[in-house]
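The values are calculated or read from the model by the stated rules, or taken from the named source; none is laboratory data. All values reported here derive from a predicted model rather than from experimental measurement. Every residue, glycine as well, gets a Cβ built from its backbone with ideal geometry; the counts of neighbours run over all protein chains shown. Protein only, heavy atoms only, side chains kept; ligands, DNA and RNA dropped before computing areas. Shrake-Rupley method; radii C 1.70, N 1.55, O 1.52, S 1.80 Å.
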Amino acid sequence: MAVVGGSGGMRSEVDVVVVGAGFSGLYLLHRLRDLGLSARVIEAGDDVGGTWYWNRYPGARCDIPTTDYAYSFDPELEAEWTWSEKYATQPEILAYLRHVADRYDLRPDITFSTPIQSAVWDEPAARWRLRTEQGEEISCRYYIMATGCLSLPKVVDIDGAERFRGEVYFTSRWPHQGVDFTGKRVAVIGTGSSGIQSIPLIAAQSAQLTVFQRTPNFSIPAHNGPAPTERLAALAADRAAYRQAAKWSRGGAPGEPTMLSALTSPEDVRRERFEAAWEAGELFEIIGVFNDILVNPAANEIVAEMIREKIRSIVRDPETAESLCPKDHPFATKRPCLDTDYFQTYNLAHVRLVDLRKHPIATITESGIDTMDESFEFDSIVYATGFDAMTGAIVAVDVTGRDGVTLEEKWANGPSTYLGLMTAGFPNLFAITGPGSPSVLSNMAVSIEQHVDWVVNCLDHLRTHGFDTIEPTEMAEAGWVQHVNDCGAITLYPTANSWYMGANVPGKPRVFLPYVGGVDVYRAACDEVAAKGYLGFTLTGPGGSQCNDGVVRRLQPDVAMVVDLMASMGLPPMESMSVEEARAFMDVSSAQRPPGPEVGEIVDGVLPGAGGELKYRLYRPADPGPHPVLVYFHGGGWVLGSQESDDPLCRDLCVRSDSVIVSVDYRHAPEARFPAAADDAFAAVQWIAANAIELGGIPGQLVVAGWSAGANVAAVACQLARDAGGPGILGQVLLAPVTDWDMSRPSYTENEEGFILTAGLMRWFWDHYADPADRGNPKASPLRAADLSDLPPALIVTAEFDPLRDEGVAYAEAMAAAGVPVRHLRARGHIHTSLTMVDLILSGASVRAEMADILRELFQEALSHA
Ligand SMILES: Cc1cc2nc3c(=O)[nH]c(=O)nc-3n(C[C@H](O)[C@H](O)[C@H](O)COP(=O)(O)OP(=O)(O)OC[C@H]3O[C@@H](n4cnc5c(N)ncnc54)[C@H](O)[C@@H]3O)c2cc1C
């Protein structure tokens, strides 16, 4: 329905209002019209372009090659537009967006110079009521905020700013007629992307330029020039394939992720690769130069230092060079800048850098700027101070949803969205590239098209299925927020005080705003939600409502990657292999994994088992002992593995808990079936307890631990020690333990396959290990012991997506019921193997850290009682 009566004969009642006429708003309008929906676009500026309308400062360019930073929805549009440079200037990008507006005749439905002030959800009518600054009221069914992630300039918060009598400019609100700085004394405040792009050009004009820098930023030369020939050739060869590759890439531009690690690559390889990325002058090349720089601080520092070396080699004054070297945040945790002669500019005699960390601004005066130790006189001040990013423009509109709750209230502690697209309590309100989506971490042209397509397809779905409202459920939204945080947590991003974290705006909650999981992974999640009948959304219409509630991503992001990788390899299931083949396969896999941390010393030895000698490997911390001792039994279903097979985990445990780890092998099935493994484990614990001093341990400070089947024999050894009256054991640490042969618990059905340890494989292990008649024996199923009292205090770790989860839970509960002190860590989003995959599944590190803390506590308590 469209009712005419609004300003300039525009309709005051429409199906959809889009706020913003940038990249997002223009494409939205085009698609909505195709769908036959009535739509209006409301824009604060007096022309289309958004970012490229407002940011007219000298040197403004894109930082993604324009071959990629452009619409891809219409091959004809692509064919008729040729970019003149690798990184087009703002006027050229604006001309492109104007061309798009004219080509698709979009202007008649755009109202310019009209800021939207408020939006209120009218529950009975199931419509949004919007109000413009001029007082016009517009009613719409769907309200889409295409208001931009970097569109609300940050308010200047420098004392005395209003007193300055000279010219004041903001890079984000640059005068349309341009500015002539010839002969002027100019100050630029801010060295983010806009500052870095504009400073060389302002320097070229002005008589004197002083740059006030709070935070130095990483920047690499753009090496601008003609559009890159290899990209043009790839596009010409197969445009559709090129665009498809961009859509399914990590960042939104085609490219193969590297397998090279900064940490482990030899110096010459490392240097060569870095220099190539430096020369390429592309954002995703330098961010992706090695595969570990965004997750490993040491790897990151290698690249950060190589960039600092470049800065020092360019800037002649050593003090200025040092001030320009970023040291307070890891490389790429803020979007790195691409520049043209930025660092070279500081070699010019009339350009000076003021490092605000050393010389803070005291006040802005009528004629210039006073730092704590110097007064400066200026004709002009340029603020390049950035934006209230991602949420600023959204909450700048007074949005009131269901039950009178405002968006500002709901997001007071940080934004909460489902897929970065919608938020519960605000039906039919969509945000394009909102918080919780890849947005500013990606090539935004690609992310914008993906969001617009998803929203428009969603509206089409609603219409064709007789629904008129859509809203995420609390569960789906909480799940997504958790997933976004999980993704951020395994990276270094949250360690930086960046605008990604809201840290540039005083009082803004520190929350990692964008989704770091990748454009490809994100697209798959959005597609899956739609394909599952809009999973996690409630759809309502005159005929009733529908809700397929759920959480779209529950696995930890790195676990999901490993699971997907394994699935893509198409390996035969282990249970289809012979025992020899399975053991050989395990050896090959183990050889390829990251080694784990360095420990002080590793000693191999043998000890007497129940049926002959057993090999052990001892890991000693670097600091002088003696240390507490942890006896560790490896996993492998009583069939596979050795004292070395959980090497990375043992190293990690050693370093984190500061204890000696003695990893003991035991006899394996099918050669030695039940109860050989259990008897060996008990014999090993007895021997290690008796020889603690010789092993460098503290007598009496003994914990028994294991993973999977190793946790099974560890648990049994603790029961045997209790029954035998010794040795004394301080605690038992059971990681994803096998405690019962019963496979009918829900975790078996839920996780039957797909998460590496399958129900079929567990059956195979049990068949090799124990006759059915023996499986209920407590030496095989410790949960079945008649008495669970007086066992050592236990730390049990269970993984959410593990067939063994529920028997671990059952053992924790049963021991607690018998009076044993039990700590239970539930590894959310993890699988059976997660915690052993050190430096591969990074999200497991926090669980291991928690385990180590508990272990240390246990040892400390014992020492204080001794
Ligand atoms: C200087 C600069 C360079 C950039 N370079 C790149 C790049 O190279 N690659 C990249 O991927 N991204 C880049 N970006 C990010 C860029 O913002 C996006 O790529 C893209 O242009 C965003 O388009 P949009 O339509 O979503 O938002 P915008 O272009 O920001 O448009 C939003 C529009 O909404 C309007 N608006 C906001 N609130 C209201 C309201 N209440 N009422 C009415 N109108 C309102 C604004 O006036 C604005 O015109 C850059 C950003 C900046 C600032």
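Local charge sum around Ala610 (other residues, Cβ-Cβ under 15 Å, Lys/Arg +1, Asp/Glu -1)?
On the way: positive: Lys615, Arg667, Arg673, Lys779; negative: Glu613, Asp665, Glu671, Asp679, Asp680.
Within the 15 Å Cβ shell, the charges total -1.
What residues have an amide H closer than 5 Å to that of Cys337, excluding those fewer than 5 places away on the same chain, when H is modeled at 1.01 Å from N in the peptide plane?
Phe218, Ser219, Ile220
If each of Gln592 and Leu260 carries a label point 7 Å out from its Cα toward its Cβ, how far apart are those two points in nm?
Here the modelled spin labels are 2.1 nm apart.
Considering only DSSP beta bridges where both residues belong to the chain, give the percentage that are antiparallel (nearest 5).
Bridges in the chain that DSSP calls antiparallel: roughly 40 percent.
As a test of the formula, what do you get for the chain when each DSSP H run with n ≥ 4 contributes -39,500 (n - 2.57) and the sum is divided by the residue count, at 222 nm and rounded to the nearest 500 deg cm²/dmol?
The per-residue figure over the chain is -10500 deg cm²/dmol.
With a Förster radius of 56 Å, plug the Cβ-Cβ distance of His865 and Glu322 into 1/(1 + (r/R0)^6) and report the FRET value to the nearest 0.05.
Once rounded, the FRET efficiency stands at 0.60.
Once ligands and nucleic acids are excluded and a 1.4 Å probe is used, how much of Met422 is accessible, expressed in Å² to the nearest 10?
Estimated to the nearest 10 Å², Met422 gives 0 Å².
To the nearest Å, what is the center-to-center distance of segment 676-701 and segment 174-212, using C-alpha atoms only?
Answer, in whole Å: 72.
Which whole-number percentage describes the relative contact order of segment 758-854, with Cα contacts under 8 Å and a sequence gap of 6 or more?
With pairs under 8 Å counted, the relative contact order is 23 percent.
In whole angstrom, note down how far apart the Cα centers of segment 386-451 and segment 559-632 are.
46 Å
Give me the accessible area per residue for the chain, probe 1.4 Å, as a whole number in Å².
Solvent-accessible surface per residue comes out at 38 Å².
Would you check the accessible area of Arg583, probe 1.4 Å, heavy atoms only, in square angstrom rounded to 10?
60 Å²
Sequence neighbours fewer than 8 away in the same chain don't count; with that in mind, list the lysines whose C-alpha is under 25 Å from Lys615.
Partners within reach: Lys779.
With a 1.4 Å probe and every protein chain kept in, tell me what percent of the accessible surface of the chain is carbon plus sulfur.
Carbon with sulfur: 53 percent of the solvent-accessible area.
Would you mind checking which residues have amide H under 5 Å from Ile42's amide H? H placed 1.01 Å from N; only 5 or more apart, or other chain.
The answer is Val18, Val19, Gly20, Thr111.
Distance from the Cα centre of segment 773-808 to that of segment 46-65, in angstrom?
Value for the Cα centre distance between the two parts: 63 Å.
Each residue of segment 337-350 in turn: what ³J(HN,Hα) in whole Hz from Karplus with 6.51, -1.76, 1.60 and θ = phi - 60°, glycine and Pro shown as x?
Couplings: 9, 10, 10, 10, 6, 5, 5, 4, 4, 6, 8, 6, 5, 8 Hz.
Reachable aspartates and glutamates from Lys334, Cα under 13 Å, same-chain residues fewer than 8 places away excluded?
Result set, ordered by chain and number: empty.
Tell me the GluC sites (Glu not before Pro) within segment 610-717 that lie in a loop according to DSSP and have at most 10 other beta-carbon atoms within 10 Å.
The qualifying sites are Glu671, Glu694.
With unit charges on the beta carbon (Lys/Arg positive, Asp/Glu negative), name the residue among His223, Phe212, Pro266 whose Cα is farthest towards the positive pole of the charge dipole of segment 146-303.
Selected residue: Phe212.
What pairs in Lys184/Lys327; Lys508/Lys532; Lys86/Lys310 have C-alpha atoms more than 30 Å from each other?
Going by Cα-Cα distance, Lys184/Lys327; Lys508/Lys532 fall outside the 30 Å limit.
Put Asp122, Asp68, Asp527 in order of accessible area, largest first, 1.4 Å probe: what do you get?
Asp527, Asp122, Asp68
As a test of reading the structure, rank Met577, Met569 by solvent-accessible area (1.4 Å probe, protein chains only), most first.
From most exposed to least exposed: Met569, Met577.
Within a Cβ distance under 12 Å of Ala818, other residues only, what is the Lys/Arg minus Asp/Glu net charge?
Here the charged neighbours net out to -2.
For every other residue with a beta carbon closer than 10 angstrom to the beta carbon of Val41, add +1 if it is Lys or Arg and -1 if Asp or Glu, then tell me the sum.
Value of the local net charge: 0.
Can you give me the relative contact order of the chain as a percent, contacts being Cα pairs under 8 Å and 6 or more apart?
Working: 1803 pairs, mean separation 83.9, N = 866.
Normalised by residue count, the contact order of the chain is 10 percent.
Roughly speaking, what is the stretch gain from Ser313 to Glu78, that is 0.36 nm per residue apart minus the C-alpha to C-alpha distance, in nm to one decimal?
So the chain would gain 80.5 nm between Ser313 and Glu78.
Using a 1.4 Å probe, how large is the accessible area of Lys410, given in Å² and rounded to the nearest 10?
It works out to around 60 Å².
Using only the heavy atoms of the protein chains and a 1.4 Å probe, how would Met815, Met586, Met574, Met259 rank by accessible area, largest first? Present the calculation step by step, with values, prior to reporting the outcome.
Values: Met815 0, Met586 65, Met574 25, Met259 165 Å².
These residues rank, largest area first, as Met259, Met586, Met574, Met815.
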